[in-house]
Amino acid sequence: MLYIIGLGLGDEKDITLKGLEAVKKCHKVYIEAYTSLLTFGLSSHGLSTLEKLYGKSVTLADRETVEEKADEILSEARESDVGFLVVGDPFGATTHTDLVVRAKNLGVDVKVVHNASVMNAVGVCGLQLYRYGETVSIPFFSETWRPDSFYEKIQRNRRLGLHTLCLLDIRVKEPSLESLCRGRKQYEPPRYMTISTAIEQLLEVEQRRGESAYNEDTVCVGLARLGSEDQMVVAGSMRQLLVVDFGAPLHCLVIVGQTHPVEEEMLSFYALKGESSSEPEMTILHNVCPNGAE
């Protein structure tokens, strides 16, 4: 049996009882380490924290392990119970769907244990989950690669009055271009996109495209370290959020669409204060769509 087990968003204690029972059954346990991040990280100390609670040795599975050696993991699962731990929910990344498909094609039984993910934890800001449109990913720009395929999706969501969850890039164990050219892999230091970097890139794309999908005054919500004790949620315009220090990763950003009064009331608890007023600057929430619809 291959168990794919969601760990939730915070620390080692966020695993469900059902997930913990599954881990204890397994002969071997892997933890995926590149689509997300637990708050205490996955250093040797972080792994020992997991192992102490779970009572099992845990093997770190980076991108290369999962994408290039998945058949080895699945071969083990044909002979014994193997656990594959995923930060958040097992289906928060397409890589894990691919693993299930490959397992089923090989005749390996799969059992999934769900948990909280960023896709539902963003509800903490008060924006109702059923009022979200398509989620987008914002990749790091480079000097030669500045993609903007996410722009049309944000634009479409905004025209429909829907909120947009922006997942920000994570670069873990990425080989440098120079080392690939030399034929010997050397890895870049881990990088986690901040909310300010995401907004800078979003505004650059808007300036280049000029189709008024959003602007500096567009209301957004920045969220950091969702599910942890020190999670941070701040609502304000893109201009305002640019200068907010959200601290350690992981970060995500929500571009706000049309809002219901209940949503506005919740957002007001997280709003930045106006420069000349003690009241939150949330009045622009009533008209946030490019077409001016209320």
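Quick notes on this structure:
- Cut-off 11 Å between beta-carbons: net charge of the residues surrounding residue 10, Lys and Arg +1, Asp and Glu -1: -3
- Dipole in debye (nearest 20) - the range 99-167, about Cα centre, beta carbon charges: Lys, Arg +1; Asp, Glu -1: 200
- For the pair residue 21 and residue 119, a Förster radius of 35 Å applied to the C-beta separation gives a FRET efficiency near 0.90, rounded to the nearest 0.05.
- Pair residue 130, residue 75: separation of 7 Å Cα→Cβ label points (nm): 4.9
- Most simply put, the range 3-157 has about 5% antiparallel DSSP beta bridges, counting only bridges with both residues inside it.
- Protein-only accessible surface at a 1.4 angstrom probe places the residues 119, 232 in the order 119, 232, largest first.
- Within the straight-line cut-off of under 13 Å between alpha carbons, the aspartates and glutamates reachable from residue 273 are 281, sequence neighbours fewer than 8 places apart in one chain being disregarded.
- For residue 128, the shell of other residues with beta-carbons less than 13 Å away shows a net charge of -2, using +1 for Lys and Arg and -1 for Asp and Glu.
- Net charge in the neighbourhood of residue 196 (other residues with Cβ under 15 Å of its Cβ; Lys, Arg +1, Asp, Glu -1) is -3.
- Label-to-label distance for residue 262 and residue 59 is 4.8 nm, based on points extended 7 Å past Cα in the beta-carbon direction.
- Estimated FRET transfer efficiency when R0 is 25 angstrom, pair residue 105-residue 68 (beta carbons, to 0.05): 0.90
- Counting only residues at least eight positions apart within a chain, or on another chain, the lysines with an alpha carbon under 24 Å from that of residue 13 are 24, 25, 28, 52, 56, 111.
The values are calculated or read from the model by the stated rules, or taken from the named source; none is laboratory data. On a predicted model such as this, the values are computed, not experimentally measured, just so you know. Backbone-built Cβ (ideal geometry, glycine too); neighbour counts: all protein chains shown. Calculation scope for accessible area: heavy atoms of the full protein, side chains included, ligands and nucleic acids excluded. Shrake-Rupley method; radii C 1.70, N 1.55, O 1.52, S 1.80 Å.
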